[in-house]
Structures are given as C-alpha cells and as structure tokens.
Amino acid sequence: MRQVSPELAAHLQGPQTTLVHCWRLTRRDGVVLGFTDHDAALVLAGTRFEAATGLSGSEAEEMLGLAAASREVEGALDSAAIDEADIRAGRYDAARIETFVVNWQSPEDHVLIDVAELGEVKRGETGFAAELRGVAAQLDRVRGRIYRRRCDAVFGDARCGFSASAAPYTIETTVVGGEGSRMVVDGTLGGAPTLFQNGRLTVLGGMAEGLGADIVSAMTGDEGTVTLVLAEALGVTPSPGDAVRVVQGCDKRFATCRDRFGNAVNFRGFPHMPGGDAALAIAKSDGRHDGAPVVP
C-alpha cells in the first residue's frame with residue numbers, strides 16, 4: 001500500500017484541495033520526461049514536470065482478480081517534449097509511466113499512485129493517445145525457455161558465450177541509401193553477405209540513432225555496397241552517411257554453432273531431442289536401434 005504523507009493526508013481532509021496529476025515517463029533509452037495537467041511546471045521526485053506539454057488522463061478501469069487495468073493518456077504532437085518522429089520510430093514503446101497525485105501548492109506533498117508500461121500509441125492529426133498497461137499485464141507474457149532443437153540464445157549475448165563484438169563478426173560502416181525495410185550500406189562487410197543473414201543492424205548516428213532491426217537477407221550491391229533487407233522498417237529512415245553497426249547472424253542450428261563458431265559447449269538448444277518420426281517409429285529388422293544420438 002502506498003504511503004500518504006501526513007501533510008498530504010491533512011490537505012485531503014480540508015474543505016478544498018489543490019490536487020493535480022503528474023506523469024513521469026522513462027524511455028528504454030534512459031530519457032526521462034515529466035508532464036502535468038497543471039497550468040504551471042512542477043518539480044518533485046527529482047524531475048521537472050512540464051505544463052502545456054502535459055498529458056490528460058482518461059478514466060481508469062479497475063476490476064477484481066488478475067485482469068490488467070485499462071486506461072489511456074492523451075497529448076499534443078506540437079509539444080516541445082514529444083516528437084511525432086520519436087513516436088513513429090518506437091522510442092516510446094514499453095516506456096515506464098509513473099503517476100503521481102500532487103498538491104501543486106506544495107509539490108513535496110505527493111504520492112505515487114500507479115506504475116504502468118506504455119502500450120499501443122495511436123496517432124491522430126494533432127495528437128496521440130497512449131495505452132497504459134498495469135503491472136498485471138506482465139502476467140500475460142510468455143516466460144521461460146522453449147524445449148526445441150535450435151538455440152534460443154541471442155547471438156553474442158551472455159548465454160551464447162561467443163564474443164561477436166569485433167571484426168569480422170561486427171562491422172561498422174555507413175548508410176549509402178535505402179528506404180523502408182531496404183538498406184544499402186557501404187563496403188563489403190569483410191565477408192560473404194550471406195553471413196549477415198539473421199543478423200542485426202543498429203543505427204549509430206543521425207535522426208534514427210539507436211534504432212535497429214533484424215536482417216532478413218543480405219546481397220552484394222553495386223560499386224562496393226551491400227543491400228540489406230530488414231525484418232521491419234526502422235520508422236525513421238537513416239540519411240546517407242549515418243553510421244551503422246552490422247552484426248553477423250546465426251541460424252541457431254547445432255552444426256552452425258559447432259562448425260562455424262566452435263561454440264558447441266554453450267549451445268542453448270536440445271539437438272539430441274528426437275522428432276515425431278523417431279517417437280512413432282516401429283522396430284524393423286533392417287533398422288538400427290542402438291541408442292545413438294540424433295546429432296553426431
């Protein structure tokens with residue numbers, strides 16, 4: 001239960017109150033923004049909450065049980081703090097939203113009433129509406145590992161255990177052109193373009209800095225370039241000359257992990273798991289049933 005300060009409790013008992021809402025938004029890239037529905041800026045909890053750029057909240061719907069709360073906040077796209085390009089680029093996706101009730105005459109008298117995650121953002125001609133997902137919404141997420149033959153680690157992460165942060169596995173180059181999910185980068189990437197299939201592209205500079213997408217396919221282009229087809233458009237198209245990081249991909253097969261990367265000891269799949277054909281097979285006089293592993 002959230003603690004209400006004695007000063008705020010006393011204010012709530014008075015004949016009239018001077019309460020407003022404040023929202024603190026923390027993006028996944030670490031950017032923190034503060035908004036209030038008051039007509040002047042407020043400073044509390046180490047954050048400045050701006051007016052005029054503020055949000056307005058809808059009714060909150062609560063119910064018994066584990067169902068997630070449902071509500072929205074609305075804001076203007078002409079705000080100095082919220083940029084339409086950032087929304088379109090997904091920089092606000094899954095941001096953390098803290099909601100405070102504040103006595104605007106004495107901002108130190110406040111209480112945190114809710115913590116939520118920013119969900120779907122819908123854009124209009126002059127504004128946007130954002131869904132706030134309560135903590136209970138996390139119960140709907142799939143957690144744990146998948147029991148399958150292929151690896152479920154991300155190539156180069158701690159579970160993978162393979163150092164892919166240097167050449168030839170990671171290359172930094174620049175954008176030559178492209179649009180949508182198609183990106184043309186400079187250079188040969190130091191190897192066959194097919195090595196970067198299932199890899200990752202991340203933009204290091206320009207308006208699209210920090211955005212990235214998985215690479216579906218890569219092919220040699222004209223005049224020493226490589227054309228990358230991304231799994232999805234970045235939202236903001238990088239400009240020619242913007243720096244990008246391109247990481248090789250892994251198809252998650254045991255043979256690839258063993259033969260190409262020499263990392264079989266860290267393989268995070270179950271390559272010896274028998275398939276349906278083995279489970280449903282019958283004994284035959286000319287068949288081998290010696291218990292040998294599925295993967296040599």
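Name the residues in region 214-258 that are farther than 11 Å from residue 186 by Cα and polar (S, T, N, Q), would you?
Listed by number, the residues that qualify are 217, 237, 239, 248, 256.
Return the residue satisfying two criteria in turn: it lies in region 177-195 and is farther than 24 Å from residue 235 by Cβ and among the hydroxyl-bearing types (Ser, Thr, Tyr), and of such residues it is farthest from the chain's Cα centre (by Cα).
Looking at residues that are farther than 24 Å from residue 235 by Cβ and among the hydroxyl-bearing types (Ser, Thr, Tyr), I get 188.
Does region 98-111 contain at least one residue that is at pLDDT 85 or above, of a type in the set (D, E, K, R) and open to solvent by less than 30 Å² (accessible area, probe 1.4 Å)? Can you show your working first?
Taking region 98-111 first, the residues at pLDDT 85 or above are 98-111.
The next check asks that each one be of a type in the set (D, E, K, R); those that pass are 98, 108-109.
Checking which are open to solvent by less than 30 Å² (accessible area, probe 1.4 Å) leaves us with 98, 109.
Taking every residue of region 98-111 in turn, at least one turns out to be at pLDDT 85 or above, of a type in the set (D, E, K, R) and open to solvent by less than 30 Å² (accessible area, probe 1.4 Å).
For residue 174, are the conditions met, namely being assigned by the TED database to the domain that holds residue 216, on the phi < 0 side of the Ramachandran plot, open to solvent by 20 Å² or more (accessible area, probe 1.4 Å) and touching a residue at least 40 places away in the same chain (Cβ under 8 Å)?
On the way: assigned by the TED database to the domain that holds residue 216: yes; on the phi < 0 side of the Ramachandran plot: yes; open to solvent by 20 Å² or more (accessible area, probe 1.4 Å): yes; touching a residue at least 40 places away in the same chain (Cβ under 8 Å): yes.
Spelling it out, residue 174 is indeed assigned by the TED database to the domain that holds residue 216, on the phi < 0 side of the Ramachandran plot, open to solvent by 20 Å² or more (accessible area, probe 1.4 Å) and touching a residue at least 40 places away in the same chain (Cβ under 8 Å).
From 93, 157, 86, grab the single residue that is under 19 Å from the mean Cα position of the chain (by Cα) and modelled with pLDDT of 90 or more.
Working: 93 fails: modelled with pLDDT of 90 or more; 86 fails: modelled with pLDDT of 90 or more.
Within the list 93, 157, 86, the selection yields 157.
If you take the residues of region 259-279 that are over 25 Å from residue 194 (Cβ atoms), in a loop (DSSP other than H, G, I, E, B) and open to solvent by less than 60 Å² (accessible area, probe 1.4 Å), which of them is modelled with the lowest pLDDT? Walk me through it before giving the result.
Step one: of region 259-279, the residues over 25 Å from residue 194 (Cβ atoms) are 265, 270, 272-279.
Among the residues that remain, those that are also in a loop (DSSP other than H, G, I, E, B) are: 270, 272-275.
Next, from what is left, pick out any that are open to solvent by less than 60 Å² (accessible area, probe 1.4 Å): 273, 275.
Working: 273: 79, 275: 67.
Residue satisfying both the conditions and the ranking: 275.
Every residue in region 239-254 that is farther than 15 Å from residue 153 by Cα and not in a strand (DSSP E or B), please.
239, 240, 241, 242
Identify all residues within region 10-28 that are farther than 30 Å from residue 94 by Cβ, open to solvent by 40 Å² or more (accessible area, probe 1.4 Å) and outside any loop (DSSP other than H, G, I, E, B); write none if there are none.
First, the residues of region 10-28 that are farther than 30 Å from residue 94 by Cβ: 10-18.
Subsequent filtering for residues that are open to solvent by 40 Å² or more (accessible area, probe 1.4 Å) retains 10, 12-13, 15-17.
Those that are farther than 30 Å from residue 94 by Cβ, open to solvent by 40 Å² or more (accessible area, probe 1.4 Å) and outside any loop (DSSP other than H, G, I, E, B): 10, 12.
Go through 202, 194, 225, 256 for me and flag whichever is open to solvent by less than 20 Å² (accessible area, probe 1.4 Å), of a type in the set (S, T, N, Q), in contact with a strand residue (DSSP E or B) (Cβ under 8 Å, 6 or more places away or on another chain) and not assigned by the TED database to the domain that holds residue 87. Spell out the reasoning first.
Details: 202 fails: open to solvent by less than 20 Å² (accessible area, probe 1.4 Å); 194 fails: open to solvent by less than 20 Å² (accessible area, probe 1.4 Å); 256 fails: in contact with a strand residue (DSSP E or B) (Cβ under 8 Å, 6 or more places away or on another chain).
Testing whether each residue is open to solvent by less than 20 Å² (accessible area, probe 1.4 Å), of a type in the set (S, T, N, Q), in contact with a strand residue (DSSP E or B) (Cβ under 8 Å, 6 or more places away or on another chain) and not assigned by the TED database to the domain that holds residue 87 leaves just 225.
Spot the failing condition for residue 230; the list is (1) closer than 21 Å to residue 156 by Cα; (2) touching a helix residue (DSSP H, G or I) at 6+ places or on another chain (Cβ under 7 Å), and only one is missed.
Every condition holds for residue 230 apart from (2).
The values are calculated or read from the model by the stated rules, or taken from the named source; none is laboratory data. From a predicted model like this one, the values you see are computed outputs, not experimental measurements. Quick reminder, even Gly has a Cβ in these numbers, built from the backbone with ideal geometry, and neighbours come from all protein chains shown. Only protein heavy atoms, including side chains, enter the accessible area calculation; ligands, DNA and RNA are left aside. Shrake-Rupley method; radii C 1.70, N 1.55, O 1.52, S 1.80 Å.
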